[in-house]
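The structure under discussion is supplied below as structure tokens; questions concerning it will follow.
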Amino acid sequence: MPRLIDMEMDDEDKMDSVMPISMPSKPDYPYGLRICLTHNELAKLGLELPDVGDLIDLRAFATVTSVSSSSGEGGDCCRVELQIEKLAVENELTEEY
């Protein structure tokens, strides 16, 4: 199983982060890493409505939809965009072992 990496931003990255909407306080994690599931997606996934703070085990397959890179004064820069296509989830706090 792949190793889990915490994607939390450091203080400098939080100050430099670009958000698509106005946010009075900068979030701890990059905005682009958020996903939204409505009742339709929850039903497809067979996931009951979780509580705020629940830990969801998430596995996904995504297609690379865009790749760009450049070199400049600040060093190399790149961006990869992914479209999640297949998703599996479990609520770790309600899962029975």
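Can you name the number of the only condition in (1) out of contact with any Ser or Thr (no Cβ under 8 Å at 6 or more places or on another chain); (2) closer than 30 Å to residue 96 by Cβ; (3) assigned to a loop (DSSP other than H, G, I, E, B) that residue 28 fails?
Unmet condition: (2).
Which count do you get for residues in region 60-70 that are closer than 19 Å to residue 86 by Cα and either of a type in the set (Gly, Ala, Ser) or open to solvent by 100 Å² or more (accessible area, probe 1.4 Å) (or both)? Steps first, please.
Taking region 60-70 first, the residues closer than 19 Å to residue 86 by Cα are 60-66.
Narrowing further to those that are either of a type in the set (Gly, Ala, Ser) or open to solvent by 100 Å² or more (accessible area, probe 1.4 Å) (or both): 60-62, 66.
Residues meeting the conditions: 4.
The values are calculated or read from the model by the stated rules, or taken from the named source; none is laboratory data. The shown structure was predicted, so the numbers you read here are calculated from the model rather than taken from an experiment. Using ideal geometry, Cβ is built from the backbone for each residue, glycine included, and neighbour counts are taken over all protein chains shown. These area figures cover heavy atoms from the full protein model, side chains too; ligands, DNA and RNA do not enter into them. Shrake-Rupley method; radii C 1.70, N 1.55, O 1.52, S 1.80 Å.
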